[in-house]
Amino acid sequence: MSSWDKLVVHGLLLAGAMAWTGVLAAGESPRYGFGSALSETEISSWDIDVGPDGAGLPPGSGTAAQGEALYLAQCAACHGEFGEGVGRYPALLGTRASLVGERTRKTVGGYWPYATTLWDYINRAMPFGNAQSLSPDQVYALTAYVLALNEIVAEDAVLDAHTLPAVRMPNRDCFVVAKGPDIKAAACMHDCAVPVKVVGRAARLDGATVGE
Amino acid sequence: MAVFCAHGSLVMSKLSDSKPNRRGRRRFLRASLLGSLGAALTGKSMAGDQPLEVPSWTRHPGPGVGNTPYGVPSPFEKNVVRRILPWMSASRESSVSFTPLQDLHGIITPSGLHFERHHAGVPAIDPAAHVLAIHGMVERPLKFTLEDLQRFPAVSRVHFIECAGNGALEQHGAQLNGLQFTHGMLSCSEWTGVPLKLLLAEAGLRPTAKWLLAEGADAAAMARSFPVDKALDDALIAYGQNGEMLRPEQGYPLRLVLPGWEGVANVKWLRRIEVGDRPWEMREETATYTDLLPSGKARQFTFVQEAKSVITSPCPEKPLRHKGPVIVTGLAWSGEGRVKRVDVSFDGGRNWQPAKLKGPILSKALTRFEIPWEWHGQEALLQSRTIDETGYVQPSYQQLRALRGTNSMYHNNAIQTWQVRANGEVDNVQLG
């Protein structure tokens, strides 16, 4: 090996060592260099999420009137003509009154804290069985229709990337982020003062074997 | 190999030496045809003072190697299967199947019995056509093929996954008379994959990074937000389950594993992770998987599956059949770490005794416990209660309902009561 070669090898080793320690200093884990660059085009083709601030909402717009025919054609079979829900499919229509009492119901109108979530969910997962088939205008129109059913926006309100995040959902302030366990129980060992009367008994074992 | 070959040739020479006659062939055929009766005959002879039968399978070799290139359970175990509640959901594509905890041993759930919860069915993903994209508040947006991910040093960890809705129906009162349905949205596997923090180091987290979004490639594009602290702690991008690739029902070829956190956050068929500075408020973290309180307020981002336990034998599916000594056994787990203790009560929670924890006792994994008991036909109310290494004590239904009412639905970790009746049958009951 010539001295020139030795110098190159030495230099490469040194550069390698510097890169290694440099990366380690910046973060806890070493870098391996596996994986490949993700282009803007690739990102935009999959990046469908919409945040509560409206980030991610595409250009386009829609009104309840524009959404009605589409709703009846693509949504009403499961969610009902008026958003009341068919069978065990979710109801879209409701108010906060259904959040208390014996039988509660969580509906778009009564429970969902953000209108952007409705746009995001219709866009990513609806209609069930043909997801990600709607255009942005159609998703805005369906979002407007469901919000208008719930009397949260007016029939003629135009929803777009600016107006949708500004829609204030009735239940917006009723969510509390969990911080640690809510229940603090003690482990009594003897003569514990607990009720031991049977007050409820399971009515049935009601399952089917998968594939039956 | 030498021994095997010698044995093989021995058998061959025996076969060739024996001169099969009509009678021998008839006996062989009869034994084969009546093979299914062997068990019954054996059972009969075992019951009385008779010589033990030499069953057909002891006399004649069964199928050779390679008969089942991928082995399946014995046909006699055909009842050990996932089950569903057909009336529970609108469609099977968005529903749940339950693990038969009553039939399992140890702490590992066979991959084919891991409970299922899908939001839009099981996608049939070609791993060669699947990539994991990481982008957002990172220096270098990256995509990883499965091959890329398998180049990283792998870690294998045993963790339970429990659906947040496990036991949801029971919060209103005792509903379903079977352990499989009261607790079967619970499974435990050895997961193998790449720590998410390694991938985030490749991409380079920006200082503004606070939350991540994980999204599946299924037809619900099921997506959940989770905080960066968890991503840098023990989050795993798993491709392996119990020594083989993930099952399709469990996210093949990639799933996010957030140890100890509610099942839905362990996003299956993972295709994308976006890094941001606030949660995305997805449907599955607002409209669902939030815990509605009696006040009308709801708890959100209730990620941790807090400490819980249940007796798996006896249970409604496994009644007591013998008087005398009984080994009562069950499972305990905590999303906060290791199980520290399990207490068992035979009188509805008035008095408790510590059970024996059977190893291994792993963090955020199922832990098996047992306790000896004498049963002489007396009625009894069996309960188990676990305490984890943080000191958290599993609550009673009274304690849970005092804070959460009966409609919070998710994260029901209350103490289960099994009533043992005089005839040994076991019922799911609640006390008050």
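The values are calculated or read from the model by the stated rules, or taken from the named source; none is laboratory data. Nothing here was measured: the structure is a model prediction, and the numbers come from that model. Note that each Cβ is placed from the backbone with ideal geometry, even for glycine, and that neighbours are counted across all protein chains shown.
What to note about this one:
- Residue B:95 falls short on exactly one of the conditions (1) without any contact (Cβ under 8 Å) to a residue 24 or more places away in the chain; (2) small (Gly, Ala, Ser); (3) surrounded by fewer than 16 Cβ atoms within 10 Å (Cβ to Cβ), and that condition is (3).
- Condition met for residue A:98 (modelled with pLDDT under 95 and among the hydroxyl-bearing types (Ser, Thr, Tyr)): yes
- Index of the failed condition, residue B:296 passing every other in (1) of a type outside the set (S, T, N, Q); (2) in contact (Cβ under 8 Å) with a residue 40 or more places away in the chain; (3) assigned to a loop (DSSP other than H, G, I, E, B); (4) surrounded by fewer than 21 Cβ atoms within 10 Å (Cβ to Cβ): (2)
- Scan of the range B:299-357 for residues that are free of Cβ contacts under 8 Å to residues at least 12 places away in the same chain and touching a strand residue (DSSP E or B) at 6+ places or on another chain (Cβ under 7 Å), ordered by number: B:351
- The set of residues in the range B:337-353 being buried (at least 20 other Cβ atoms within 10 Å of the Cβ), assigned to a loop (DSSP other than H, G, I, E, B) and not aromatic (Phe, Trp, Tyr) consists of B:348, B:349.
- Test: residue A:182 is within 22 Å of residue A:58 (Cβ to Cβ) and among the acidic types (Asp, Glu): no
- When the range A:149-175 is filtered for residues that are buried (at least 17 other Cβ atoms within 10 Å of the Cβ) and either among the basic types (Lys, Arg) or in a strand (DSSP E or B) (or both), the ones remaining, listed by number, are A:159, A:160, A:175.
- Under the condition of being farther than 22 Å from residue B:299 by Cα and in contact with a strand residue (DSSP E or B) (Cβ under 9 Å, 6 or more places away or on another chain), the residues counted in the range B:373-424 number 24.
- You will find that of B:323, B:356, the residue that is charged (D, E, K, R), more than 8 Å from every other protein chain (Cβ to nearest Cβ) and touching a Gly at 6+ places or on another chain (Cβ under 9 Å) is B:323 and no other.
- In the range B:188-212, residue farthest from the other protein chains (Cβ to nearest Cβ) [restricted to those that are farther than 22 Å from residue B:152 by Cα and touching a strand residue (DSSP E or B) at 6+ places or on another chain (Cβ under 6 Å)]: B:188
- Residue A:68 surrounded by fewer than 21 Cβ atoms within 10 Å (Cβ to Cβ) and touching a residue at least 60 places away in the same chain (Cβ under 8 Å): yes
- Subset of the range B:93-135 (residues that are under 19 Å from residue B:239 (Cβ atoms) and in a helix (DSSP H, G or I)): B:111, B:112, B:127, B:128, B:129
- Residue list for the range A:143-191, restricted to those being free of Cβ contacts under 8 Å to residues at least 40 places away in the same chain, over 30 Å from residue B:304 (Cα atoms) and in contact with a Leu (Cβ under 7 Å, 6 or more places away or on another chain): none
- Residues in the range A:164-212 that are of a type in the set (Val, Ile, Thr) and more than 7 Å from chain B (Cβ to nearest Cβ): A:167 alone.
- Each residue in the range B:290-314 was checked for being closer than 28 Å to residue A:203 by Cα, touching a helix residue (DSSP H, G or I) at 6+ places or on another chain (Cβ under 7 Å) and within 11 Å of another protein chain (Cβ to nearest Cβ), and 3 pass.
- Complete set of residues in the range B:114-131 that are aliphatic (A, V, I, L, M), within 10 Å of chain A (Cβ to nearest Cβ) and closer than 21 Å to residue A:121 by Cα: B:120
- When restricted to residues that are surrounded by 20 or more Cβ atoms within 10 Å (Cβ to Cβ) and either charged (D, E, K, R) or free of Cβ contacts under 8 Å to residues at least 24 places away in the same chain (or both), the range B:149-172 contains 2.
- Tabulated pairs, the range A:106-119, first at negative phi, second assigned to a loop (DSSP other than H, G, I, E, B) and among the aromatic types (Phe, Trp, Tyr), C-beta under 7 angstrom, 6+ apart or interchain: A:118/A:112
- Qualifying positions in the range B:145-181 - more than 8 Å from chain A (Cβ to nearest Cβ) and assigned to a helix (DSSP H, G or I): B:146, B:147, B:168, B:169, B:170, B:171, B:172, B:179
- Residues in the range B:81-113 that are of a type in the set (Val, Ile, Thr) and within 10 Å of chain A (Cβ to nearest Cβ) were compared, and the one that is farthest from residue B:243 (Cα to Cα) is B:84.
- Single unsatisfied condition, residue B:215 versus (1) surrounded by fewer than 24 Cβ atoms within 10 Å (Cβ to Cβ); (2) of a type in the set (Asp, Glu); (3) within 12 Å of chain A (Cβ to nearest Cβ): (1)
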